[in-house]
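Right, one structure below, let's go through it.
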Amino acid sequence: QQRHISCRTPFDIPILLFLTGAVLGVFQATDRALSWGAFQTCLAAVMLYYTIVNYPRPHLLIGGGIAVTSLLAGIVTVVGFSSGMSPGSGANSLSSWVASSLRVLPQFPRLPGQTEAPNLLVHGLLLTLLVSFLILAGSGLFARRIAIRITFGMLSLVLLAMLVPAGGQAYERLVNGTTIRVRMDVWQNSILMAKDSWLTGIGLGHFPLASPDFFPGRKLTIPHNGYLELLLNYGILGATAGLYASVVVARLFWDILRCARGHPWFGFALGLLAAFLGTAFMAIFESSPMGIPAARMGRYFYTVSPLPWMLGGALVVVHRLVTK
């Protein structure tokens with residue numbers, strides 16, 4: 001019988017560093033109410049991770065997660081295309097449709113210097129579709145049973161059918177270098193912002209409040225880089241936590257790839273590895289893998305993305321299943 005609230009996990013130290021950085025970010029904040037709300041989402045993400053790694057039936061948890069994700073993706077795909085989404089409409093159309101269906105506010109309030117308010121569901125949806133597709137594709141390619149291969153293969157094709165048009169022109173802009181060129185100024189000024197508060201960060205969730213001092217004539221909502229998002233919000237401790245977690249991820253996957261050949265969870269592990277790499281790549285260009293501001297009652301609040309915590313929890317569970 002387990003005598004502890006939680007078993008020890010490889011990510012315990014990075015999580016401790018992350019939470020310490022979040023506490024410093026709250027004390028650094030000029031808007032304590034905003035930062036305290038953001039800190040609560042940090043705690044929720046940590047609790048989600050420990051719920052996953054301590055769940056007594058990991059097979060049921062992961063299998064149920066795949067089933068629910070596939071079902072929701074299928075519904076979104078069918079209804080989205082029937083509602084007129086096309087390759088030309090791209091991710092903005094998709095996220096607007098989802099937002100209206102869920103009756104949530106998809107847009108940040110328009111700020112001085114902005115010609116339009118950005119749609120903040122876009123890249124979060126793209127990242128969710130990408131991660132789901134990679135995990136299902138990996139699980140299907142290496143499944144032992146033909147029926148599972150066919151089922152997972154069809155589900156991954158459904159997700160791919162949604163992922164390709166949802167990206168719109170984003171893929172072309174990424175290939176021709178436009179994405180990097182338009183973000184270079186934002187990154188350079190965000191680095192200058194981070195240098196001024198490298199120890200504690202600028203205040204948890206405070207990038208939109210601090211940006212006018214570094215971006216004259218406009219007020220940005222995100223630095224368009226998940227790693228800068230981590231450094232700006234959590235300071236050097238958050239950046240150290242991210243680096244430490246990356247080393248842990250690499251070590252766990254190394255153990256899995258050495259032991260899992262022929263194991264029933266090998267395909268899922270490869271899909272999970274691809275999902276980690278895809279998320280890390282997208283974090284170069286977008287802040288959504290780490291966190292995002294969202295509109296509420298004429299102002300905004302900052303929320304931590306649950307995706308890295310879910311992937312980390314799944315990695316710990318699969319590592320246990322394989323190495324045992």
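The values are calculated or read from the model by the stated rules, or taken from the named source; none is laboratory data. Everything quoted here is computed from the prediction, not taken from an experiment. As a convention, Cβ positions derive from the backbone with ideal geometry for all residues, glycine included, and neighbour counts pool all protein chains shown. Just so you know, the surface numbers come from the protein's heavy atoms only, side chains and all, with ligands and any DNA or RNA stripped out. Shrake-Rupley method; radii C 1.70, N 1.55, O 1.52, S 1.80 Å.
Worth pointing out:
- Some residue of the stretch 254-269 being open to solvent by 20 Å² or more (accessible area, probe 1.4 Å), farther than 30 Å from Val317 by Cα and not small (Gly, Ala, Ser): no
- Residue match in the stretch 305-320 (condition: open to solvent by less than 60 Å² (accessible area, probe 1.4 Å) and touching a Gly at 6+ places or on another chain (Cβ under 6 Å)): yes
- For the stretch 251-274, the count of residues that are within 20 Å of the chain's Cα centre (by Cα), of a type outside the set (S, T, N, Q) and within 17 Å of Ala45 (Cβ to Cβ) is zero.
- Close pairs (9 angstrom Cβ cut-off, 6 or more residues apart or separate chains): in contact (Cβ under 8 Å) with a residue 12 or more places away in the chain in the stretch 39-64, charged (D, E, K, R) and part of a helix (DSSP H, G or I) anywhere: Val53/Arg320; Pro58/Arg320
- Members of the stretch 270-300 found to be among the aliphatic types (A, V, I, L, M), open to solvent by 50 Å² or more (accessible area, probe 1.4 Å) and at pLDDT 90 or above, listed by number: Leu277, Ile284
- Search result, residues across the stretch 118-138 that are hydroxyl-bearing (Ser, Thr, Tyr) and at pLDDT 85 or above: Ser132
- Extreme residue, least open to solvent (accessible area, probe 1.4 Å), among residues of the stretch 156-198 that are part of a loop (DSSP other than H, G, I, E, B) and without any contact (Cβ under 8 Å) to a residue 40 or more places away in the chain: Gly177
- Every pair of residues 6+ apart whose Cβ atoms lie under 8 Å, when the first sits in the stretch 238-249 and is more than 15 Å from Trp198 (Cα to Cα) while the second is of a type outside the set (A, V, I, L, M, F, W, C): Tyr244/Pro14; Ala245/Pro14; Ala245/Gly312; Val248/Pro10; Val248/Pro14; Val249/Gly312
- Check on Phe27, under 18 Å from the mean Cα position of the chain (by Cα) and in contact (Cβ under 8 Å) with a residue 60 or more places away in the chain: no
- Test for Val322: is it over 30 Å from Gly37 (Cβ atoms) and either of a type in the set (A, V, I, L, M, F, W, C) or modelled with pLDDT under 85 (or both): yes
- Filtered by the rule that a residue be in a helix (DSSP H, G or I), open to solvent by less than 50 Å² (accessible area, probe 1.4 Å) and within 16 Å of Phe301 (Cα to Cα), the stretch 203-231 gives Phe207, Pro208, Ala210, Ser211, Glu229.
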